[in-house]
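Colleague: What follows is a single structure, and I will ask about it in a moment.
The values are calculated or read from the model by the stated rules, or taken from the named source; none is laboratory data. Computed from a predicted structure; not experimentally measured. As a convention, Cβ positions derive from the backbone with ideal geometry for all residues, glycine included, and neighbour counts pool all protein chains shown.
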Amino acid sequence: MILNRRSITVFILLVTAALAGSAQDQDTVQKVTRGAEMSLFAEDNENNCLVCHGRLVYTITDTVSGLSRKELMAEHNFISRDAFYKSVHWSFSCLDCHSEGFKSFPHAIETRFETGWGCIDCHGYDPTYAQYKFEEIDAEYQKSIHYTATDGAFSCWQCHDAHYYNPLARETGSGRENILKSNEMCLHCHGNPDIMGLVTEKELTMVLPRHEWLPDPDRHLAAVRCIDCHTRMNDSILVAHEVMTADSAVNDCADCHSQNSILMGTLYKYASKESRDQQGFVNGVIFSNDSYVIGANRSKFISLTGMIIIGLVLVFAGVHTVFRVIIKPVKRYYES
Amino acid sequence: MSHNFYHYPVWVRLWHAMNAILCLFLIVTGFSMLYADPDNALVVKFQRAVAIHNVCGVLLTISYTLFLFGNLFTSNGRHYLLNIKGLGERLWKQGYYYAYGYFKGEKAPFPVSGDRKFNPLQQVSYVGVMYFVLPMLFITGWALMFPEFILKKFLGLSGIFLTDQFHVVLGFLVVIFLFIHLYVSTMGKSPVSNFRSIVTGWQEAH
C-alpha cells in the first residue's frame, strides 16, 4: 500500500517544516521600541521647536505690539511627529543637530546658512557603525550622477531625510514593501516633472514609457528596485549608492535572469545572505523569500536528475544499438 | 510479404510535423532560459528565448487542441484508449521483446496491424505524454505567462516557484520522451521505415 503510516508521518513532518520555515523570518525581525513616550527630549521638542515646526499652520506673535497672525509652515520646514518618533533618530533632541542659532527665537539670520549634516558627519569613521561602511557609501555617492551632475548640491537628505529615516532592508519583513518604499524614494523626484523640471533642462520623459522595453513592465517595476538596475553593483556594502546615467543601466535580461543573477548581489543580498550561508542556495534563497526569477531560481536537484535520466536513456539507446549491430549479423551468419 | 497500413492520415502527419518543430523550439529555448547566462554562447539570448518560447507555447496549445478534436472525431482516437486489463503483462512482454527477444529474432508480440498502430509500451507512453504531461505543461506554462493567477503561497512555498519547477520537470519528461520516441522509431521494419511512414502515411508491418 502506498499511503502507509510512515509515509503519512513523513508528509506531515515535511508540511510542518515548510510552514515553520515561513514563520521563522517573522520571529527574527528585531524591532526597537520607539515613540514620543520613550524619548527623553520629547517634552522639550514639543514645547519649543514643534510648537511651530510640528504644525502645518503656526501662529507668530509680535511680542512688542502683541499682534498675532497665522502662517503656513513651508513643507521642508515641517516635521511630522509620528514619523519622526518612528525613525532611527527618534531619541534625539532637535537641538542636537540644529545647534547653530536655533535655540533662540526668532532664529538669527545665520540659521539660513546651516551646514546641514550628512550621514557621514555623524556615522563616518565611527566603529559603532563600521559594519554599514558609511565611508564607502559616501565615496560611491560622490561618484554618482546625483553628485556629479549637481556640483554637490544634491545630498543624502534628498533620498534619506534624517527626520524620518528607517533602514528598510533591515526592518521590513516584506520584500515587496521594501521595493515599494525604495522606489518611492526615486519616484518622488523622477516621477514628478515639477521637481525634475527644476534641476534639468532635458526634455522630461515619464518613467513607465522609458521602461516599456521590459516584458510586462509593471510586474518588473513592482518586483525590483530602481537602484538594482541603475547603480553600479557593489558586493561589499548593503545598498550600492553609485547611481549611474540612464544609458549605463542594466538592460541585458540575463544579468538578472541567470544563475549568477546580479539581484543576488543587490536586491536579495540582505535577506538571502544569512539563509544562503546556512541552508544553501536553493533552500536559503528561493524557499525563504517571495522572489522568483526565471533562470536564477534553478533547482540544481531537478536539473541534475533530469540530465542524469537523459544521459541514461542515451546510454541505453547506445548499448541497444551496439547489440543490434553486432548480434543480428552474427545470428544471420549462424542461421545461414 | 509485408503489409502496409495507412495509419497516418494527412491531418495526423501535419499535426505531427508542427508538433515536432514547435517542441524542438520549446526545448532549445526552455533550456536557454533554464541555463541563462550572458557569457554562454550556446544558449539563445534570454529575451529572444522568452519571446520564442511564449509564441511556440501558444502555437503548441492550438495544435494540441486540434489534435484533441481529431482524436475525438476520427478513428485515430481509438489508438489512445488504454485497456487496463492485462496491461502489466502486455507491457512486460513488449519490454522483454525490446531487451531480449528482438535480438533472438523472435516475432514482435504486438506487431503493427490494421487495428494496432502502437505496441503497449508506445501506447502507455503516448497516452501519458499526450493526455497528462502536455496538458499539465500547458496549464503551468500559461500560468507562468499570467502569474497573477497563481497562488502566492502553497504550503509555505512560493506558488510561482512551485509552478515553474513543475513546468521544468514536465519539460524534462518531454525531452526524455523525445529521445526514447526517436530511438524506438528506428526499430521498425528497417531503421528508417517508421520515419518514412510519418511522411507518406503508410506504415510497414514489423
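Colleague: Against the definition (of a type outside the set (A, V, I, L, M, F, W, C), crowded, with 17+ Cβ neighbours inside 10 Å, in a helix (DSSP H, G or I) and within 14 Å of chain A (Cβ to nearest Cβ)), how does B:Gly95 come out, yes or no?
Modeller: For B:Gly95, the condition - of a type outside the set (A, V, I, L, M, F, W, C), crowded, with 17+ Cβ neighbours inside 10 Å, in a helix (DSSP H, G or I) and within 14 Å of chain A (Cβ to nearest Cβ) - is not met.
Colleague: Also, I was wondering about something else. So, in the stretch A:294-309, of the ones that are assigned to a helix (DSSP H, G or I), out of contact with any helix residue (DSSP H, G or I) (no Cβ under 6 Å at 6 or more places or on another chain) and facing chain B (nearest Cβ under 9 Å), which residue ends up surrounded by the most Cβ atoms within 10 Å (Cβ to Cβ)?
Modeller: Only one residue fits best here, namely A:Ser303.
Colleague: Then there's this: Considering every residue within the stretch B:186-200, establish whether at least one is within 14 Å of chain A (Cβ to nearest Cβ), part of a helix (DSSP H, G or I) and surrounded by fewer than 18 Cβ atoms within 10 Å (Cβ to Cβ).
Modeller: The answer is no, given that none of the residues of the stretch B:186-200 is within 14 Å of chain A (Cβ to nearest Cβ), part of a helix (DSSP H, G or I) and surrounded by fewer than 18 Cβ atoms within 10 Å (Cβ to Cβ).
Colleague: Please state which of the following conditions A:Lys202 fails to meet, knowing it meets all the rest: (1) within 14 Å of chain B (Cβ to nearest Cβ); (2) surrounded by fewer than 14 Cβ atoms within 10 Å (Cβ to Cβ); (3) modelled with pLDDT under 80.
Modeller: (1)
Colleague: Please enumerate the residues belonging to the stretch B:152-183 that are farther than 18 Å from B:Leu24 by Cβ and either assigned to a helix (DSSP H, G or I) or aliphatic (A, V, I, L, M) (or both).
Modeller: Within the stretch B:152-183, B:Leu155, B:Leu157, B:Gly159, B:Ile160, B:Phe161, B:Leu162, B:Thr163, B:Asp164, B:Gln165, B:Phe166, B:Val169 meet the criteria.
Colleague: Here is a follow-up. Is the stretch B:165-176 home to any residue that is surrounded by fewer than 19 Cβ atoms within 10 Å (Cβ to Cβ), at pLDDT below 95 and out of contact with any helix residue (DSSP H, G or I) (no Cβ under 7 Å at 6 or more places or on another chain)?
Modeller: There is no residue in the stretch B:165-176 that is surrounded by fewer than 19 Cβ atoms within 10 Å (Cβ to Cβ), at pLDDT below 95 and out of contact with any helix residue (DSSP H, G or I) (no Cβ under 7 Å at 6 or more places or on another chain).
Colleague: Quickly run through the stretch B:45-71 and pick out the residues that are among the aliphatic types (A, V, I, L, M) and crowded, with 20+ Cβ neighbours inside 10 Å.
Modeller: Passing the criteria: B:Ala49, B:Val50, B:Leu60.
Colleague: Report, by residue number, each residue of the stretch B:144-171 that is among the small types (Gly, Ala, Ser) and either closer than 14 Å to A:Tyr292 by Cα or at the interface with chain A (Cβ under 7 Å from one of its Cβ atoms) (or both). Reasoning before the result, please.
Modeller: First pass over the stretch B:144-171, keeping only residues among the small types (Gly, Ala, Ser): B:156, B:158-159, B:171.
B:Gly156, B:Ser158, B:Gly159, listed by residue number.
Colleague: If the requirement is being of a type outside the set (Phe, Trp, Tyr), under 25 Å from B:Trp202 (Cβ atoms) and under 20 Å from the mean Cα position of the chain (by Cα), which of these qualifies: B:Lys107, B:Lys117?
Modeller: Numbers: B:Lys107 fails: under 20 Å from the mean Cα position of the chain (by Cα).
Just one listed residue meets the conditions, B:Lys117.
Colleague: Looking at (1) surrounded by 14 or more Cβ atoms within 10 Å (Cβ to Cβ); (2) of a type in the set (S, T, N, Q); (3) modelled with pLDDT under 70, which is the only condition A:Gln24 fails?
Modeller: (1)
Colleague: Would you please list the contacts, defined by Cβ atoms under 8 Å and residues six or more apart or on different chains, that run from a residue in the stretch B:110-121 that is among the aliphatic types (A, V, I, L, M) to a residue that is in a loop (DSSP other than H, G, I, E, B) and at pLDDT below 80?
Modeller: Going by the 8 Å Cβ cut-off, the qualifying pairs are B:Val112/B:His7; B:Val112/B:Ala205; B:Val112/B:His206.
Colleague: For the stretch A:294-326, enumerate the residues that are over 30 Å from A:His257 (Cβ atoms) and among the polar types (S, T, N, Q).
Modeller: Within the stretch A:294-326, A:Thr321 is the sole residue that qualifies.
Colleague: Answer yes or no as to whether B:Phe103 is without any contact (Cβ under 8 Å) to a residue 12 or more places away in the chain, surrounded by 14 or more Cβ atoms within 10 Å (Cβ to Cβ), of a type in the set (Phe, Trp, Tyr) and outside any loop (DSSP other than H, G, I, E, B).
Modeller: Taking the combined requirement at face value, the residue satisfies it.
Colleague: Take the stretch A:206-261 and flag every residue that is closer than 18 Å to A:Arg176 by Cα and either outside any loop (DSSP other than H, G, I, E, B) or not assigned by TED's automatic domain parsing to the domain that holds A:Pro167 (or both).
Modeller: If the condition is that a residue be closer than 18 Å to A:Arg176 by Cα and either outside any loop (DSSP other than H, G, I, E, B) or not assigned by TED's automatic domain parsing to the domain that holds A:Pro167 (or both), then A:Pro217, A:Asp218, A:Arg219, A:His220, A:Leu221, A:Ala222, A:Ala223, A:Cys226, A:Ile227, A:Asp228, A:Cys229, A:Cys256 are the ones that fit.
Colleague: If you go through the stretch B:69-84 one residue at a time, how many are free of Cβ contacts under 8 Å to residues at least 12 places away in the same chain, outside any helix (DSSP H, G or I) and farther than 30 Å from A:His320 by Cα?
Modeller: Final tally of qualifying residues: 0.
Colleague: For B:Val112, indicate whether it is at pLDDT 90 or above and farther than 30 Å from A:His220 by Cα.
Modeller: No.
Colleague: Please specify each residue of the stretch A:100-125 satisfying the condition of being surrounded by 12 or more Cβ atoms within 10 Å (Cβ to Cβ) and either within 24 Å of the chain's Cα centre (by Cα) or hydroxyl-bearing (Ser, Thr, Tyr) (or both).
Modeller: A:Thr111, A:Trp117, A:Gly118, A:Cys119, A:Ile120, A:Asp121, A:Cys122, A:His123, A:Gly124
Colleague: Give the residue, chosen from B:Asn40, B:Asn54, B:Asn76, that is under 30 Å from B:Ser190 (Cβ atoms) and polar (S, T, N, Q).
Modeller: Going through B:Asn40, B:Asn54, B:Asn76 in turn, just one is under 30 Å from B:Ser190 (Cβ atoms) and polar (S, T, N, Q): B:Asn76.
Colleague: Inside the stretch B:2-28, can you point out the residues that are of a type in the set (A, V, I, L, M) and more than 19 Å from B:Phe179 (Cα to Cα)?
Modeller: B:Val10, B:Val12, B:Leu14
Colleague: If you take the residues of the stretch B:115-143 that are over 21 Å from B:Phe172 (Cβ atoms) and either assigned to a loop (DSSP other than H, G, I, E, B) or within 14 Å of another protein chain (Cβ to nearest Cβ) (or both), which of them is modelled with the lowest pLDDT?
Modeller: First, pick out the residues of the stretch B:115-143 that are over 21 Å from B:Phe172 (Cβ atoms): B:115-120, B:123.
Next, only the ones that are either assigned to a loop (DSSP other than H, G, I, E, B) or within 14 Å of another protein chain (Cβ to nearest Cβ) (or both) stay: B:115-119.
Values: B:Asp115: 79, B:Arg116: 83, B:Lys117: 84, B:Phe118: 87, B:Asn119: 89.
This residue is B:Asp115.
Colleague: Name the one entry in A:Asp138, A:Asp161 that is in a loop (DSSP other than H, G, I, E, B) and surrounded by 14 or more Cβ atoms within 10 Å (Cβ to Cβ).
Modeller: Criteria check complete, one pass: A:Asp161.
Colleague: Determine if the stretch B:53-68 includes at least one residue that is assigned to a helix (DSSP H, G or I), without any contact (Cβ under 8 Å) to a residue 24 or more places away in the chain and within 14 Å of chain A (Cβ to nearest Cβ).
Modeller: Yes, the stretch B:53-68 has at least one match.
Colleague: Before we move on, is B:Leu24 surrounded by 15 or more Cβ atoms within 10 Å (Cβ to Cβ), of a type outside the set (Lys, Arg) and in a helix (DSSP H, G or I)?
Modeller: On the way: surrounded by 15 or more Cβ atoms within 10 Å (Cβ to Cβ): no; of a type outside the set (Lys, Arg): yes; in a helix (DSSP H, G or I): yes.
No; evaluated as a whole, the condition is false for this residue.
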